Amino acid sequence: MPRFSYYGRPLKVMPDELEAQSEKLHKMLAAAGFGSRRAMEALIAAGAVSINGQTAQVGDRVKPADIVRVHGRVVHLPWQKTLPRVLMYHKPEGEIVSRDDPEGRPSVFDRLPRLQGQRWISVGRLDYNTEGLLVFTTHGELANRLSHPRYGVEREYAVRILGELNREQTDRLLSGIELDDGIARVDSIVPAGGEGANQWYRLVLKEGRNREVRRLFEALGLTVSRLIRVRFGPIVMPPRLKRGMLQDLSAEEVEQLLDWCGLGLSAPADGRHPGHPARQGKGLHPYRLRQNTAAEDQHTRQPARPPGRPRGR
């Protein structure tokens, strides 16, 4: 709305007010689901993005009236403050996490609902022979915050092996094992039962290298007969989510997840999510916090939060 002086003359709009009506181009492209902010900066630097017919430069700002093209195609930027979609999928064995496969194998993307003007981004991957929780979102920066190794987001797996771990093998998993692509280790591992030669364990990693869990056990001379991802960060796969099933996170759950990743309205100034070890210290991950306060929940007799809901700080 225009402003007027005491004499009724229209006041000029200040440059900083014009800037307030604009946003950084790479930020808006990431919010539109094209990738992380860093990836969008690289895309802009490569000359693949234009604003109103002019090749964009890194650091350019855009306004709602601008026409933005990526590889020559007009894109619609999310100017309205709408929540992104976040989807849980229980991936069965025998599906790949890729849109293109020369062998023509089934893809997880064939199972996802179609979108208009956006695309699904996979938060991490799962191997062809691994099942369990896959998270998809339409928000590029959210996917980056959850999957990039520098944020240290936990992934929890249920793993069944032929045989049983001894103390020395457990210590090696915790201290680190040299693999082809560097040293890999687990953050925690606990027995989870089993019958006969088949023993189950629950382990936690903070990275997602190719076939990392299987290669760790192969280095110990053990064979993984089944591998299921049951948690990614604060998102726990609910038992009711059977193989091949999809489930959207609710608006409240998405808001909690954005806050946890440092992307919500209450995000810290440094951009790190509240669950990051550098902010809260070891042992205060939302998942562990829920375990540590189980006795208090029973004492207060409050109903437990259903599994699969992102937990805030």
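Of all residue pairs spaced 6 or more apart or on separate chains, those with beta-carbon atoms under 6 Å, a first member in the range 228-257 that is touching a residue at least 60 places away in the same chain (Cβ under 8 Å) and on the phi < 0 side of the Ramachandran plot and a second member that is assigned to a loop (DSSP other than H, G, I, E, B) and among the aliphatic types (A, V, I, L, M) are Val230/Met237; Gln247/Leu241; Ala251/Leu83; Val254/Leu83. Selection within the range 218-268: residues that are among the basic types (Lys, Arg) and crowded, with 18+ Cβ neighbours inside 10 Å. The member of this set that is farthest from Gly163 (Cα to Cα) is Arg231. In the range 67-84, the condition of being charged (D, E, K, R) and closer than 23 Å to Pro234 by Cα is met by no residue. The requirement of being touching a Lys or Arg at 6+ places or on another chain (Cβ under 7 Å) and of a type in the set (Phe, Trp, Tyr) is not satisfied by Tyr201. From the list Arg111, Arg155, Arg160, Arg202, the one residue that fits, being in contact (Cβ under 8 Å) with a residue 24 or more places away in the chain, in contact with a Ser or Thr (Cβ under 7 Å, 6 or more places away or on another chain) and basic (Lys, Arg), is Arg160. When you look at Arg61, is it surrounded by 10 or more Cβ atoms within 10 Å (Cβ to Cβ), touching a strand residue (DSSP E or B) at 6+ places or on another chain (Cβ under 7 Å), closer than 30 Å to Arg243 by Cβ and modelled with pLDDT of 90 or more, yes or no? Here the answer is no, as Arg61 does not meet what is asked. Reported count of residues in the range 44-65, each being part of a loop (DSSP other than H, G, I, E, B) and within 16 Å of Phe34 (Cβ to Cβ), is 6.
For the range 110-225, please list each of the helices (runs of 4 or more DSSP H) lying entirely inside it that holds at least 2 residues being farther than 24 Å from Gly35 by Cα.
167-175, 212-219
When the range 66-81 is limited to residues that are touching a residue at least 40 places away in the same chain (Cβ under 8 Å) and not in a loop (DSSP other than H, G, I, E, B), the one that is farthest from Leu241 (Cα to Cα) turns out to be Val68. If you filter the range 78-87 down to residues that are farther than 18 Å from Leu25 by Cα and surrounded by fewer than 21 Cβ atoms within 10 Å (Cβ to Cβ), you find that the one that is modelled with the highest pLDDT is Leu87.
Residue selection: Pro84 satisfies the criterion of being in a loop (DSSP other than H, G, I, E, B) and in contact with a strand residue (DSSP E or B) (Cβ under 6 Å, 6 or more places away or on another chain).
The values are calculated or read from the model by the stated rules, or taken from the named source; none is laboratory data. Quantities reported herein were computed from a predicted structural model and do not represent experimental measurements. In this analysis, Cβ positions are derived from the backbone assuming ideal geometry, glycine residues included, and neighbour counts consider all displayed protein chains.
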